[in-house]
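Asks: The structure is given below, and queries will be raised subsequently.
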Amino acid sequence: MTSAARLVLDDCRGAVEEIFDGIQGPAWRRRWVTAVTLLRTVGYVLRKVDAKISPDYKRAIEAAWLDISKSKPHPSIFWEFIDAERHNIIHEYEIGAGQGVTIFLGQKKPPENQYLLNTGPFVGRDQRVVLREAISWWETYLDAIDRAAGDH
């Protein structure tokens, strides 16, 4: 079954792919904001839209949310990246990632683009890698809900 949450996750995958080497400035920032916002939107859509699929889905979604709420601050990919970065963007327009380029003057090396996280437990890591890890985490979470609801 294709849920609304999985559609949001697919759009997030697309946003991550648009953070390609060479993108800079406002274009990069818009893609970062889009990807992070979509990551957190998966959970909101899951609880508000997908919970209406069936009573079994609603119970599975509520149980999964209760489990993750009790485990805070773990998993850190959710609480300290997906949730925290979305909060910083939405409420303060603080961007916890950056982008830059290293140019090697007088050398025949191509420029090196960097897309690193600047805050939180994932600081110094390539933001695209962390975004993909967050997408993978959501996939596992959604798969577990599907199993618990009896939709294999």
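Bear in mind these aren't lab numbers, they're just calculated from the coordinates by the rules spelled out. All values derive from a computational prediction rather than experimental measurement. Note that we place each Cβ from the backbone using ideal geometry, even for glycine, and neighbour counts take in every protein chain shown.
Asks: State, in angstrom, two size descriptors of the stretch 94-152 derived from its alpha carbons: Rg to one decimal place and Dmax to the nearest whole number.
Replies: Reported Rg and Dmax, both Å: 18.1, 62.
Asks: Here is a further query. Which chymotrypsin sites (Phe, Trp or Tyr not before Pro) does the stretch 1-55 hold that lie in a coil by DSSP with at most 14 other beta carbons within 10 Å?
Replies: Values: sites: PHE20, TRP28, TRP32, TYR44; in loops: PHE20.
The qualifying sites are PHE20.
Asks: Under 10 Å, Cα contacts only: if you run a Gaussian network model on the chain, which one of ASP21, ASP83, ASP126 comes out with the highest mean-square fluctuation?
Replies: Comparing ASP21, ASP83, ASP126 in the GNM, the peak value goes to ASP21.
Asks: Follow-up question, since we're still on this one. Taking the beta-carbon count within 10 Å as an exposure proxy, list VAL42, VAL33 from fewest neighbours to most. Before the final figure, lay out the partial values.
Replies: Working: VAL42 27, VAL33 18.
In order of increasing Cβ crowding within 10 Å: VAL33, VAL42.
Asks: Under the 0.36 nm per residue contour assumption, what length would be gained going from the current alpha-carbon distance of ARG132 and ASP56 to full extension?
Replies: Values: separation 76, 0.36 × 76 = 27.36 nm, distance 2.88 nm.
Working it through step by step, the gained length comes to 24.5 nm.
Asks: Roughly how tilted is helix 127-149, in degrees to the nearest 10 and between 0 and 90, from the longest Cα axis of the chain?
Replies: 10 degrees
Asks: Ok, one more. What do you get for chymotrypsin sites (Phe, Trp or Tyr not before Pro) in the stretch 70-152 restricted to DSSP loop and a cutoff of at most 11 other Cβ within 10 Å of the site's Cβ?
Replies: Details: sites: PHE78, TRP79, PHE81, TYR93, PHE104, TYR115, PHE122, TRP137, TRP138, TYR141; in loops: TYR93, PHE104, TYR115, PHE122.
Filter output for the stretch 70-152: TYR93, PHE104.
Asks: To continue, here is another question. Would you calculate the separation in nanometres between label points at THR140 and HIS74, each defined as 7 Å from the Cα along the Cα-to-beta-carbon direction?
Replies: 1.2 nm
Asks: Now a separate question. At each listed q (0.11 Å⁻¹), what is the log10 of I(q)/I(0) that the Debye formula gives for the stretch 17-141 modelled as equal alpha-carbon point scatterers?
Replies: Log10 of I(q)/I(0), two decimals: -0.45.
Asks: Would you mind working out the magnitude of the charge dipole of the chain relative to its Cα centre, with +1 at each Lys and Arg C-beta and -1 at each Asp and Glu C-beta, to the nearest 20 Debye?
Replies: Values: 20 positive and 21 negative charges, 36 e Å.
The calculated dipole for the chain is roughly 180 debye.
Asks: Compute the long axis of helix 4-17 from its Cα atoms, compare it with the longest principal axis of the Cα atoms of the chain, and write down the angle in degrees, 0 to 90, nearest 10.
Replies: That helix lies at roughly 10 degrees to the long axis.
Asks: Follow-up question, since we're still on this one. Treating only the Cβ atoms of Lys and Arg (+1) and Asp and Glu (-1) as charged, compute the dipole magnitude of the stretch 47-110 about its Cα centre; round to the nearest 20 debye.
Replies: Numbers: 10 positive and 9 negative charges, 46 e Å.
Magnitude of the dipole: close to 220 debye.
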